[in-house]
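Asks: Quick one: the structure is below, questions incoming.
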Amino acid sequence: MQQTMQTPGSGHRALQRTGWAILILSPFLLLVLLSLAVGHNVLDAYPVWLDELCFWRTLYSWNEMGMATGYYGMYEQIAPIGTMGTSGIGPLLLYGGFVKLFGLSHHTIMLANATWCSVAAAVFCALRKPKLSVSLLMSGIMMAYAPIVLYAYTSMTQWFNYALVLLYITFLLGYQERRRVWLLVLCVLTIVLGALYRPMYCLLFLPLMLLFCRYQFNLRMLGFGAGALAISVGCCYLAMQTAAPHASGFVYHLLRADSLATAWRMLLSHTKSNLIDYFVRAKGSPMQDAFRYLYCGITGLCLISAFVRTDRDGQGRLCLRAGYRGSIMSCFVLLLAAYGFTMLFYEANDWADLRQLAPYLWLVAAYLIARHRRVIPICTLAGCAVSLALLIARPEGVFVDANRFAVPQASEHLAAVAQTIEYDENAADPFANTVRVDVYNYELMRQLHPGLGLQCGWFTTDTVEKSRWVLTDKLKCPVTGYENVLETPDYKVYRHIKED
C-alpha cells in the first residue's frame, strides 16, 4: 500500500526531471532540428558574414599570439588600450575559455553558444526546480523563437544573449523570492558580463532596481540607482577603452559633434529616421515586420497588464480586475527602455533593431513563464509561431547563404598572399603588423599569420595610410606611399614603402 501511494509522486518527479532534461538539451535539439530542416549537418557550416569572420579571426589571433598582434578595427581607427577590434574583449569573455579548452574550429562559436544556453538552463533548473509545464514552455520559446533560429548555426554572438538573460532571470527570480545577498551579487555580475560585451545590457539594472526598492520611490532606489549608474559607467568606459571605434556607427559621430547643439540635432534626426524605418518603410522581410509588431504589442500589453489582470468571479467565469503589479510594470519599463535606447543610438535597419531588441522580448516572456503567468507568454508564443512560419515560408539570412556549407578550398593564390604578408615579431609599432583589407573569406582568415591584425572597411585615401600592408582584389582609390609586391588574378598586395 505504501509503495502504491508513492508511485504517483515518483512519476511526477520523473516527468518533472524529464522536462528539465529537455530544457537543458533544447539548444542541441535545436541544432539537430535545423540539420534536418536544411539537409546538412549544421556543424559543417562555415563562417561567411564579415562579423562572423572577424569574431573567428580575433579568437584565432588571441589563441595563437596572445596580445602580440597588429591592430584590429575599421578604417585604421584603433582601440585606446590594446589591439582589439570593434568588439573589444567581448569575444574573449564569451569564447576564450572554450577555445583554450577545446581548440578553435569553424564551428567552435556555434557550439560554445549552445553550451552557454545549456549551462544557463541547467542553472535555472537547479535553482528554480521548475514544473514540467514551465520547462516545456521554456524549451519551446528557446527552439521556436525566430531570432534564435535565424542565428543558431552561425558564428555570431547573438545566441549567447539568451544564455545571459536566462541566467539573469534565474538570479532575479531567486532574489525576488528569497532576498538573499548572494543572489543579488550574482544578478549584478551577470549584468556586468553583459555590459562588457554589449553596453546596452546596463538596462538590466532597471528591473533589479525596482525590485530592490520594492517598486517604491525611496532612498533605497536612489542609492541603488547611484551604484548601478557608477557600475554602468565603469563597464562602458572599460568596453570603450578596449574596443576600436565603430567608425561607421552613429555613436562614433555623435561623440565627435563640434557642439552640444549639433549633437542634439543629430540625435533628433537619427531618432526620427529610425522611427520612420521601424514603422513606415517596408523591409521586404515578413519575419522582421512580424517581430516589430510583436514587440510593440507585447510592450503595450505589459503596460495594460500592470494595472488590469484576468481573474475568475464567484461562478468561475473569467473577468477583469483592477490592481497594480510592479513586476509587470518592470517588464514594460525594460521593453520601453530597450526600444528607446535602440532608436536613439543604434539603427532600425539591416537587422540591427532585431538583434538588439529580440533578447529583451525573450527575457520578458521567459520571466513571466517562470512566474506562471499566462496571458503575455501565450501571446508571445503565438507571435513566435507566426514569425517562425513566415521565416519558413520565406527563408532569409543564414538560410539563403549560398556558401554556408561549401568547404573552403586552399589555393596557390592564397598561399602566395600568406607567404608575402609577413609578420614582424620585432616590430615596435603594431601598425607594422597590420593589414588594410577589403576582401574577406574563411580560408584567407585562416591562412594569414595569426599575428597580423586586420583593418576592415571600404577604402578611402584617408583610411589607407598607416597599415604596413594592403590586401585587396582591386584598389578602390589611389594610395600614396605603397608599392605593389604581389598580383594574382584574385588578390593584390601592397607594402608601405617607408617601412623598408
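The values are calculated or read from the model by the stated rules, or taken from the named source; none is laboratory data. What you see is a predicted model; the values in this text were computed from it and never measured. Quick reminder, even Gly has a Cβ in these numbers, built from the backbone with ideal geometry, and neighbours come from all protein chains shown. Just so you know, the surface numbers come from the protein's heavy atoms only, side chains and all, with ligands and any DNA or RNA stripped out. Shrake-Rupley method; radii C 1.70, N 1.55, O 1.52, S 1.80 Å.
Asks: Can PRO395 be described as assigned to a loop (DSSP other than H, G, I, E, B), without any contact (Cβ under 8 Å) to a residue 24 or more places away in the chain, within 30 Å of MET143 (Cα to Cα) and within 29 Å of the chain's Cα centre (by Cα)? Spell out how you get there, then give the answer.
Replies: Working: assigned to a loop (DSSP other than H, G, I, E, B): yes; without any contact (Cβ under 8 Å) to a residue 24 or more places away in the chain: yes; within 30 Å of MET143 (Cα to Cα): yes; within 29 Å of the chain's Cα centre (by Cα): yes.
Yes: the conditions hold for PRO395.
Asks: When the residues of region 331-355 are narrowed to those that are small (Gly, Ala, Ser) and touching a residue at least 12 places away in the same chain (Cβ under 8 Å), which ends up most open to solvent (accessible area, probe 1.4 Å)? Explain how you work it out, then say what you get.
Replies: Residues of region 331-355 small (Gly, Ala, Ser): 337-338, 340, 348, 352.
Those still in the list that are touching a residue at least 12 places away in the same chain (Cβ under 8 Å) too: 337-338, 348.
On the way: ALA337: 26, ALA338: 0, ALA348: 0 Å².
Among residues in region 331-355 that are small (Gly, Ala, Ser) and touching a residue at least 12 places away in the same chain (Cβ under 8 Å), the one most open to solvent (accessible area, probe 1.4 Å) is ALA337.
Asks: For region 32-52, enumerate the residues that are part of a helix (DSSP H, G or I) and either open to solvent by less than 70 Å² (accessible area, probe 1.4 Å) or of a type outside the set (Gly, Ala, Ser) (or both). Steps first, please.
Replies: So in region 32-52, the residues part of a helix (DSSP H, G or I) come out as 32-38, 42-44, 50-52.
Passing the criteria: VAL32, LEU33, LEU34, SER35, LEU36, VAL38, VAL42, LEU43, ASP44, LEU50, ASP51, GLU52.
Asks: Of the residues VAL123, VAL165, which single one is open to solvent by 30 Å² or more (accessible area, probe 1.4 Å) and either among the acidic types (Asp, Glu) or touching a residue at least 12 places away in the same chain (Cβ under 8 Å) (or both)? Write out each step before concluding.
Replies: Details: VAL165 fails: open to solvent by 30 Å² or more (accessible area, probe 1.4 Å).
Result: VAL123 is the single residue among VAL123, VAL165 that is open to solvent by 30 Å² or more (accessible area, probe 1.4 Å) and either among the acidic types (Asp, Glu) or touching a residue at least 12 places away in the same chain (Cβ under 8 Å) (or both).
Asks: Any idea which of ILE169, ILE191, ILE148 is over 30 Å from LEU53 (Cβ atoms) and modelled with pLDDT of 95 or more?
Replies: Numbers: ILE191 fails: over 30 Å from LEU53 (Cβ atoms); ILE148 fails: over 30 Å from LEU53 (Cβ atoms).
The match here is ILE169.
Asks: Return yes or no: is THR271 open to solvent by less than 50 Å² (accessible area, probe 1.4 Å), over 14 Å from PHE345 (Cβ atoms) and not hydrophobic (A, V, I, L, M, F, W, C)?
Replies: On the way: open to solvent by less than 50 Å² (accessible area, probe 1.4 Å): yes; over 14 Å from PHE345 (Cβ atoms): no; not hydrophobic (A, V, I, L, M, F, W, C): yes.
So THR271 does not fit the description; no.
Asks: Let me confirm something: among ALA393, ALA410, ALA365, ALA416, which residue is open to solvent by less than 50 Å² (accessible area, probe 1.4 Å) and in contact with a helix residue (DSSP H, G or I) (Cβ under 9 Å, 6 or more places away or on another chain)? Spell out the reasoning first.
Replies: Details: ALA393 fails: open to solvent by less than 50 Å² (accessible area, probe 1.4 Å); ALA410 fails: open to solvent by less than 50 Å² (accessible area, probe 1.4 Å); ALA416 fails: in contact with a helix residue (DSSP H, G or I) (Cβ under 9 Å, 6 or more places away or on another chain).
Step by step, each of ALA393, ALA410, ALA365, ALA416 is checked, and only ALA365 is open to solvent by less than 50 Å² (accessible area, probe 1.4 Å) and in contact with a helix residue (DSSP H, G or I) (Cβ under 9 Å, 6 or more places away or on another chain).
Yes or no, residue by residue, for (1) in contact with a helix residue (DSSP H, G or I) (Cβ under 6 Å, 6 or more places away or on another chain); (2) closer than 16 Å to GLY140 by Cα; (3) among the hydrophobic types (A, V, I, L, M, F, W, C):
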{"site": "ARG325", "(1), (2), (3)": "no, no, no"}
{"site": "ILE328", "(1), (2), (3)": "yes, no, yes"}
{"site": "PHE332", "(1), (2), (3)": "yes, no, yes"}
{"site": "ALA338", "(1), (2), (3)": "yes, no, yes"}
{"site": "LEU344", "(1), (2), (3)": "yes, no, yes"}
{"site": "ALA348", "(1), (2), (3)": "yes, no, yes"}
{"site": "LEU354", "(1), (2), (3)": "yes, no, yes"}
{"site": "TYR360", "(1), (2), (3)": "yes, no, no"}
{"site": "ARG374", "(1), (2), (3)": "no, yes, no"}
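Asks: Find the strands (runs of 3 or more DSSP E) located wholly in region 442-500 whose residues include 1 or more that are of a type outside the set (D, E, K, R) and touching a Ser or Thr at 6+ places or on another chain (Cβ under 6 Å), and list them. Can you show your working first?
Replies: On the way: elements: 453-456, 469-472, 482-487, 492-496.
By residue number, 453-456, 482-487, 492-496.
Matching residues to (1) among the acidic types (Asp, Glu); (2) in contact (Cβ under 8 Å) with a residue 12 or more places away in the chain; (3) open to solvent by 40 Å² or more (accessible area, probe 1.4 Å):
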{"residue": "CYS54", "(1), (2), (3)": "no, yes, yes"}
{"residue": "ARG57", "(1), (2), (3)": "no, yes, no"}
{"residue": "ASN63", "(1), (2), (3)": "no, yes, yes"}
{"residue": "THR69", "(1), (2), (3)": "no, yes, no"}
{"residue": "ALA79", "(1), (2), (3)": "no, yes, no"}
{"residue": "THR86", "(1), (2), (3)": "no, yes, yes"}
{"residue": "VAL99", "(1), (2), (3)": "no, yes, no"}
{"residue": "PHE102", "(1), (2), (3)": "no, no, yes"}
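Asks: In addition: Taking the residues in region 398-430 that are assigned to a loop (DSSP other than H, G, I, E, B) and hydrophobic (A, V, I, L, M, F, W, C) as candidates, determine which candidate is nearest to ASN484 (Cα to Cα). I'd like the intermediate steps shown before the answer.
Replies: Filtering region 398-430 for residues assigned to a loop (DSSP other than H, G, I, E, B) gives 401-411, 421-429.
After this cut, where a residue has to be hydrophobic (A, V, I, L, M, F, W, C) as well, the list is 402, 405-407, 410, 421, 427-428.
Numbers: ALA402: 33, PHE405: 34, ALA406: 32, VAL407: 31, ALA410: 23, ILE421: 12, ALA427: 21, ALA428: 24 Å.
Of everything passing the filter in region 398-430, ILE421 is nearest to ASN484 (Cα to Cα).
Asks: For ARG17, all conditions in the list (1) in contact (Cβ under 8 Å) with a residue 40 or more places away in the chain; (2) open to solvent by 50 Å² or more (accessible area, probe 1.4 Å) hold save one; what is the number of the exception?
Replies: Exception for ARG17: condition (1).
Asks: Pick out the one residue from TYR423, TYR440 that is touching a Gly at 6+ places or on another chain (Cβ under 6 Å) and surrounded by fewer than 19 Cβ atoms within 10 Å (Cβ to Cβ).
Replies: It is TYR423.
Asks: Quickly run through region 172-201 and pick out the residues that are open to solvent by 20 Å² or more (accessible area, probe 1.4 Å), without any contact (Cβ under 8 Å) to a residue 40 or more places away in the chain and in a helix (DSSP H, G or I). Full working, then the answer.
Replies: In the first step, residues of region 172-201 are kept if they are open to solvent by 20 Å² or more (accessible area, probe 1.4 Å); the result is 176-182, 184-186, 188-189, 192-193, 196-199.
Remaining after also requiring without any contact (Cβ under 8 Å) to a residue 40 or more places away in the chain: 177-182, 184-186, 189.
Within region 172-201, GLU177, ARG178, VAL181, TRP182, LEU184, VAL185, LEU186, LEU189 qualify.
Asks: Does at least one position in region 162-175 carry a residue that is hydroxyl-bearing (Ser, Thr, Tyr) and either under 30 Å from LEU454 (Cα atoms) or more than 20 Å from the chain's Cα centre (by Cα) (or both)?
Replies: Yes.
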